[in-house]
Structure formats: C-alpha cells, structure tokens
Amino acid sequence: MPSNQPKRTPLYEKHCIAHAKIVDFAGWEMPIQYPAGIVQEHLATRKSAGLFDVSHMGRFRISGNQAGAFLDYGLTNYAGGLPMGMSHYTILAQDDGGAVDDAWLYRFESDNYILVVNASNKDKDWKHLQSLKARFTSVVLEDLSESLAMVALQGPQSEAILKGLLTGGALPEPKRNAASVAALAGHKVFIGRTGYTGEAVCFEIMVQADKAGALWDILLAKGAAPIGLGARDTLRLEASLPLYGHEMGLDSEGKTMPILACPTARFAVADSEKKEYVGKAAIQRQLAALERYKKGDFSDSSVLPKRIVCLRITDKGIARQGSPVFCQGRPVGVVTSGTSVPYWKYDDSQTITEHYDQRSVALAYVDCQLTAGAEVQIEVRGKMLGAKIVKRNLKPGAAAMMAVFE
C-alpha cells in the first residue's frame, strides 16, 4: 500500500464484514460506527460490554537496565517506581510545560515497559523519545505498533467474558490500572485494567497482530458488541476524559495549553521530590498556581490563565468545539469538545430500565477563576445556550455508570 494511503489495522476486514462505516482518522481507515448506530453502541457499553479496535494507537517497548531511569526523565511521573503488574496515565512534556502527548505506561516485566500513545502523535512521540535517548545508552526502543494489535473491552460484563476465555495466567488484580500477562482462548495477551470510557470494569488487551482477528471473533461470540470511534468519543466525553488536540496541545489561538490546565493531568504528574524530568520547572510553576487557586488566590494567573472544565448544557442544543463561552456577558473561553450523549434510565431500585434519554455535555477551556457551580452561556449559531460548570457528568453506580450532574 502506498505510504500516502490511509493505514489499516489487522481488524480492518472484520469491520468491513460487519458493515461498519469507515472513515479516515489520523491517517487510518477506522470504523466510526456499526449498523446499530452510535447511540446503541454507547448504551451497550454502559449496560454490557463494548469491544473497540484501538490498534491504530502507537505501542512502544522500552527495555534495558536503564529503562526506568529513561522513562523517569522523559515522562512526568515516576516510571521507575511503577510496580510490576501495574500501569499508569502519563504525559510526554515539553520544556515549556505543554504536552507533546498523553499516554499510558504498562510494566508487564521488570525492565520491560510498553508505552501506548495517540495515533495522531505516534511519529512525533517516537522522534521525541529518540531525542532523549542519548544519555541512556543501554535503553532499547522498539516500535511494536504493527506487530502488536490492541483491543479494548469495556463495560460491566467485560470481566465475566474474559474469565470464560482464560486458558493461562490470570486476569489483572481487581483494581484500576493493574496489568498481567495471560492467555485468552490459547492466545498470549498483555492485559491492563484500563480504558477510555469511564467504565469501572474495563480492559485493554494487546495481542500479536496475526492473532487479533481470531480473538476479536471470540469476544464478539461471547457477547461483546463492536463499538466504533463515534461512541468511543461520546463515552469519553460523558466521562470528561481529555483528547489530545482538544483538551491538550494547542488552544484555539494556537498557544500551548499548560499541562495542568487539564484536571486529569494531575494524576500523571509526580510530586516535587521526583528526579528531574523534561518540563519539570514549568510544571512546578503550574502546581504552585493550582495551590494558590485552591486558597482562592487568583492574583497571579499568568502561568495557568485558563483551565478545562466540565459543562452540562441546560438549554436545548449541542455545543461543539470552538463555540465561544461567556459568563455574565463577558467572553471567558471556548468549548474544546461537545456532544449529545445517551444514558440509561434507572428505576427506584437503581436497576437499569429499557429506556434511555439524551443530554448535551461539553468540555471547555475557560478562565481559571470559574469553578463548579458557575453559570455560563455558550454561543451556538448565533444563539446563547445556558450551561453550568459541574465537577463531573458521570459517576459509578451499583449496576452500571450512572448519569449525574454534580
């Protein structure tokens, strides 16, 4: 296939057989939705189990006796101290405190890590890591993106499905971010209790590319529903999870967004005693600004002038990326991501009914003084929509993820 043509994952033919609508995403031909549609795919994930092809993302293996030290320097948190059988959210930082990318780091073996990066940033991330490698001569960097496929199984029935397929090893411990090496239906896999949907029960599975199709078919046969990029986006937005190029990277004016403008990024930044890492000085200034903000001191907001917030749209309408945000008639920011999401209705016993409703949610990059509870307005096609800043739009429920406004 010519290099200028969109790439295909090992599961491309499976998507075509399933009559998925294929679109170009970050240079990849990917399923945006299947015949059931985005709404039903979203609801299926929340109620049972959704299966996602995420093989388009980049997968780098970092090994050698300096692997931990190299990752400590190149990432924002303490990679060398990541226990065996665990993973964590992390960021590749720039010297100015902006993000090259956000990523997920897995440690399946002692001096052997796998870093999963965004598809749109894979080549940039690879060059960035290579540029940092000179001082770590024993580190080995390998691009496994083509040889190792990756799928995500998300939703309350996911664990039961995997337990029924386990033929070797064990599933990760029942705690967020745990990881393990196991065999599913005879196929060696790397499994992490991770995901991009907000689901409490979630797994991401790496398998050799030539085995991906067989594993995909088995997971579908056991009851998982195939989910495209459309529902992947509505699920992550309902859970207020950031997407690089929207809540990280450059803002609408082309300026670098500080890493800690995104609340989720705080989980990826080590405490001050961590050894030196790229961007540490700038990030420490951002941390100091956050501490001032917690005390209500906004006298100096130059380091962190705006922050990402969750929005509940109170009027009828959908806010989209780029929509201006106002507070008391004053422009205060811009929507970074917005959509309408479906959610299951519950009965009095907190059991999911067969009925669902829709609501509009968004993420926005707004003045740092604005916090949960603030009322704002969003301009959409010349009309002002009322909205409220909330802490979150989703929280765990007893049987599934419950739609909430806080």
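Every number in this text was worked out from the coordinates using simple rules, so none of it is lab data. All values derive from a computational prediction rather than experimental measurement. Virtual Cβ from ideal backbone geometry, glycine too; neighbours counted across all protein chains shown.
Listing for the model above:
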| item | result |
| --- | --- |
| The chain, helix-only ellipticity at 222 nm - DSSP H runs n ≥ 4, -39,500 (n - 2.57), divided by all residues, nearest 500 | -5500 deg cm²/dmol |
| Whole-angstrom gap from the range 76-141 to the range 245-307, using each part's C-alpha centre | 19 |
| In order through the range 86-102: 3J(HN,Hα) via Karplus (6.51 cos²θ - 1.76 cosθ + 1.60), integer Hz, x for Gly, Pro | 9, 9, 7, 6, 8, 9, 8, 9, 9, 4, 7, x, x, 9, 5, 5, 10 |
| The range 121-207: GluC sites (Glu not before Pro) falling in loop per DSSP and having at most 12 other Cβ within 10 Å | 146 |
| Compactness of the chain as Cα Rg over 2.2 N^0.38 Å, two decimals | 0.98 |
| Long-range HN-HN contacts of residue 380 with modeled amide H, under 5 Å | 385 |
| Cβ-based exposure ranking for 32, 205, in which fewest neighbours within 10 Å come first | 32, 205 |
| Trypsin sites (Lys or Arg not before Pro) within the range 274-306: DSSP coil, no more than 12 neighbouring Cβ in 10 Å | 275, 295 |
| GluC sites (Glu not before Pro) within the range 232-311, DSSP loop, no more than 13 other Cβ atoms inside 10 Å | 253, 273, 276 |
| Rounded to the nearest 20 debye, dipole of the range 305-406 from Cβ charges on Lys, Arg, Asp, Glu | 400 |
| Over the range 305-406, relative contact order from alpha-carbon pairs under 8 Å, at least 6 apart, % | 34 |
| Links that overshoot a 24 Å alpha carbon limit, given the list 188/395; 306/388; 295/391; 133/211 | 188/395; 133/211 |
